[in-house]
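The values are calculated or read from the model by the stated rules, or taken from the named source; none is laboratory data. Keep in mind that what you see is a predicted model, and the values were worked out from it rather than measured. Quick reminder, even Gly has a Cβ in these numbers, built from the backbone with ideal geometry, and neighbours come from all protein chains shown. Note: areas computed on protein heavy atoms with side chains; ligands, DNA, RNA excluded. Shrake-Rupley method; radii C 1.70, N 1.55, O 1.52, S 1.80 Å.
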Amino acid sequence: GGPVHFENIPNNPLLKPGSLSFLHQAATGGEMLKNKTFKSTMEAFNYGGSDAVLVDMLGLTEMSGLTHACVPGKNSIGTIGDPISCVADIVVDPKSLDGSETGKKVKLTEVPIGETGLLLTRGPSMLLRYYDNPVETNKVFIYDENGNEWYNTGDLVYRTGYTEKEVKFSGRIKRNFVSAYDNIYPEQVEELLTSLEEIEEAVVTKVPDDQCQFL
């Protein structure tokens, strides 16, 4: 599930000692997992008799689902872990993608361990193209000088150094954000606002909120 689902467990009236004894593995994805949510969920698991550890994962529709998994005992809790076996990844300086939107091959510059960069992925599960949308397709498919094709996830991460490939999620390079269950695209809201003749210019940005993550 997502963090929103796990936030509901501590206050669930069905939560009683032993009521979660069946639960041995739990994973979250879709948005950033807050420390507050992790702590309250783990307290609920312990109270309910579960031996599960809530781990964070990363998945992308364009990669047919899961790309990274945090495995207890192997990875650091609070990270999104290593790429799964069929996925390759690279963490690069966003500036090294300049010119890639034209289909030009670029020289990707990996960032050092501990430094935040842009996550690119590839593998047999990667989509071919966005249907009938070459503009958006060219924005996210990256071709490096070695002939490899990568998908630009738009995610900002850094290598922890705990394992060779382990990464921790830092944020999104795109402006869209999650509010409760909804993906909010500021450009769409701005376009609607400026369609009113009384409004000449508008800018939409996110505000942190404990209940909805962002407003």
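As a test of the definition: which semi-axes, in Å, follow for the stretch 137-185 when you take the square root of five times each eigenvalue of its alpha carbon gyration tensor? Largest first, please. Write out the running numbers ahead of the final one.
Working: eigenvalues 113, 79, 9 Å².
Working from the Cα gyration tensor, I get semi-axes of 24, 20, 7 Å.
For the stretch 73-142, taking Cα atoms only, Rg and Dmax work out to 14.3, 44 Å respectively.
The lysine pair tally for the chain, using Cα distances under 19 Å and a gap of 8 or more places or different chains, is 17.
The listed peptides 175-185, 89-99, ordered by packing as a protection proxy, come out as 89-99, 175-185 (highest mean of other Cβ atoms within 10 Å first). Towards the positive end of the charge dipole of the chain, with charges on Cβ (+1 Lys, Arg; -1 Asp, Glu), say which of 130, 23, 184 has the farthest Cα. Positive-end residue among those listed: 23.
Computed on the Cα trace of the stretch 1-126, the radius of gyration divided by the Kirkwood hydrodynamic radius gives Rg/Rh = 1.09.
For the chain, report the % of Cα-Cα distances exceeding 28 Å. More than 28 Å apart: 39 percent of the Cα pairs in the chain. When the solvent-accessible area of the stretch 78-185 is split by element, carbon and sulfur atoms take up 50 percent of it, the probe being 1.4 Å.
Accessible area per residue for the stretch 50-154, computed on protein heavy atoms with a 1.4 Å probe, is 50 Å².
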